[in-house]
1. Quick one: would you say E647 is assigned by TED's automatic domain parsing to the domain that holds M219, surrounded by fewer than 23 Cβ atoms within 10 Å (Cβ to Cβ) and not in a strand (DSSP E or B)?
2. Is the stretch 421-438 home to any residue that is surrounded by fewer than 24 Cβ atoms within 10 Å (Cβ to Cβ), at negative phi and not hydrophobic (A, V, I, L, M, F, W, C)?
3. Contact list please: Cβ distance under 9 Å, first residue in the stretch 37-52 and within 30 Å of K421 (Cβ to Cβ), second residue acidic (D, E) and assigned to a loop (DSSP other than H, G, I, E, B), pairs at least six apart or on different chains.
4. Kindly provide the set of residues from the stretch 99-122 that are farther than 21 Å from A53 by Cβ and in a loop (DSSP other than H, G, I, E, B), ordered by number.
5. Could you please let me know if Y544 is touching a Leu at 6+ places or on another chain (Cβ under 7 Å) and of a type in the set (F, W, Y)?
6. Using beta carbons and a limit of 7 Å, which pairs, at least six apart or on different chains, have the first residue in the stretch 135-156 and over 19 Å from L74 (Cα atoms) and the second one in a helix (DSSP H, G or I) and among the polar types (S, T, N, Q)?
7. Scan the stretch 87-98 and tell me whether some residue there is modelled with pLDDT of 95 or more, of a type in the set (K, R), in the same structural domain as Y127 (by TED's automatic domain parsing) and in a helix (DSSP H, G or I).
8. Just name the residue that is farthest from the chain's Cα centre (by Cα) out of those in the stretch 455-472 that are part of a helix (DSSP H, G or I) and farther than 16 Å from G507 by Cα.
Amino acid sequence: MNDFPFTNQLVHEKSPYLLQHAHNPVNWYAWGDEPFKIAKEKNMPLLVSIGYATCHWCHVMERESFEDPELAKLLNSHFISIKVDREERPDVDSIYMQAVQNLGQQGGWPLNVFITPEGIPFYGGTYFPPERRHNLPSFEDVLIFLNNTWQNEHEKVEKQGAALIQAIRNSSARETKSGSLDTLDFDGEDKAAELFGRHYDSLNHGFAFQQQNKFPPSMGLSLLLRHHRRTGEAHSLAMAENTLKAMKNGGIYDQIGGGLSRYSTDYKWLIPHFEKMLYDNSLFVTALIETYQVNGQQEFADHANDVLQYIDRDMTSAEGAFHSAEDADSEGVEGKFYVWTKEEIEQVLGHKTASIAMPYYNVTSGGNFEGKNNLNVTQSVAELSKELRVDEPTVIEELGRARQLLLETRNKRIRPLLDDKVLTSWNGLMISAMAKTGRVLDDSKRIEKAETAMNFILTTLHQPDGKLLRRYREGEARYDGYLFDYSSIAVACLDLYEATYKGEYIGHAGDLMALVEEKFSSDGAYYETADDAENLIVRQISGYDGVEPSGNSNAAMAFLRLSAYMADPALSAHAEKIFMAFHEDIMEYGLNSAFMMQAMHLYLGGLKEVAIVAPRNHSSTDEMLKTIRRGFFPNAVFAFAWADEVEQAAKEVPLLTGRKVVDGKTTAYVCRQGTCLAPVTSGADLVKLLNYE
């Protein structure tokens, strides 16, 4: 028996976000032809309300407004209402987010945009409160005002809509810039590093930009590692190291269960917005393991593994793919699952363990979050050992015991919502992070997990005609893939190749990027949607690396690396088109293009093509492979084959063509920009060639 007083069209959907609203009194529709047809027939405006399942303020607005029968009556009488999961439909979200930003507002979610039956936006905002406060109109006031405007001042709607759609189209227009490729240089990277330094928070680490919140800047940190390697600039490395440690030790990181939250609400990384996103943790792991490659400090490898253990335990599906997110709220309260009172910890741990764990995690009677403690670390084990006059092995043992006991206790609490849908592009980011970590640490089990996830994507979300789909949940694969889906999986395939040296991954990456060129290309950069996708009011092109890399940034990286493996300069030319399209943005304010600048770094540094051929059972092989795994060589791609298989391997990876062992030893060939250097047979000599500019 159905105990819900209301049920709307969303009950038929798979999206956890849409299903959260399936029993609102608002007569919600999912995005599709039907609501637009009804709006045209009735000459009514539409509300497009966009969010995602683990969005705290989306929950707040639902409770305050969308569950209110009186507000629902107002909406149902004068508007056609559509709910959109931004993670399923980033194309819809991006268009209407730009509309709100062009209205002079800061973007965010929930995103509530009012549009004409033709899809043209004319008004919008993010969160609207139930009563007027903080200079925000009440949601009811907004609805009454817009209904009156629609009925009596329609010319204002048309004028505003025309201005907004023109602004969106202008910002999406990307053509190849006139000029020469010679104008591409490292000035943009140097300027970005300078800007990072100018905004660096030397006290709390990370970067203090205009907003109050601090978001994980993982892509920027990876860029700073590349800047350090190229220039030797110590401050670039220090900013990356210190920020990674500050995030790992801060309250933004789940000190008991692992995993990074979406952002910190303060400059100290202390109190997070407690939701955890797959993409944040993927990029965080990548920055951590790259830093380990640069400095060899074990703590960064340990930190990467700690995040991945969280992914294994809480974010991996039965099929081995990766879930999308965990909510900030449980039982309707933000952070409730994660925080502790001092008394709870003492009761769980007992006096001896608590006497070590509480000072380590900064537990106090008053707490730091609404009377409770969000755990964080501000001193090392060595410092705590000295302070408590307890030997380090005992401190380490007791902290390990404390973490296990607190995790077991916490697991008995009501958990936050798990958004268990599988998103193709986000899985690509995590597969890359796992493949890189497994490769660097020579961890075959970690690589196997990355391969399992990739196999799921390539079998369940990969269509017979080669197309990718965007989302999988409860047996349903749906929505055409976007540029980021294709390019993210292509890059992940290339990372898996370098972790396994299975040539099939090069083939998969090549096939995906061939489809990108066929279905997404323009005169300059690449469209976000394919040429056979749904026809929205704008077909967008973007190079903005926000909380995740853009599809164009990933595409540039994939094309460059593929060009080396396939010995095909035409693929590199596709990347050059992207760089030229976004040249001005990159050169002027690279902070918004941190991943694209990583691809530019690869391009400008003179991509080195390394082919290694090894005889079976030779001691030199392990040394050579360990050299390329452990070292940080962001300007190189690596191919490998056994000498008795090299001819066959070269059919899938042309970079291996004609390579032979020299003097019976494992042999590395290094080529750059059409010039090949003499082969070398030791790891030390290979490093010299890789470091040679």
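The values are calculated or read from the model by the stated rules, or taken from the named source; none is laboratory data. Since the model is a prediction, treat every value here as computed from it, not as a measurement. With ideal geometry, Cβ positions are generated from the backbone for all residues, glycine too; neighbour counts draw on all protein chains shown.
1. Here the answer is no, as E647 does not meet what is asked.
2. There is no residue in the stretch 421-438 that is surrounded by fewer than 24 Cβ atoms within 10 Å (Cβ to Cβ), at negative phi and not hydrophobic (A, V, I, L, M, F, W, C).
3. Y52/E87; Y52/E88
4. L103, G104, Q105, Q106, T116, P117, E118, G119, I120
5. no
6. That search, which allows pairs on different chains as well, returns K156/T149.
7. No, every residue in the stretch 87-98 fails to be modelled with pLDDT of 95 or more, of a type in the set (K, R), in the same structural domain as Y127 (by TED's automatic domain parsing) and in a helix (DSSP H, G or I).
8. So the residue we want is T460.
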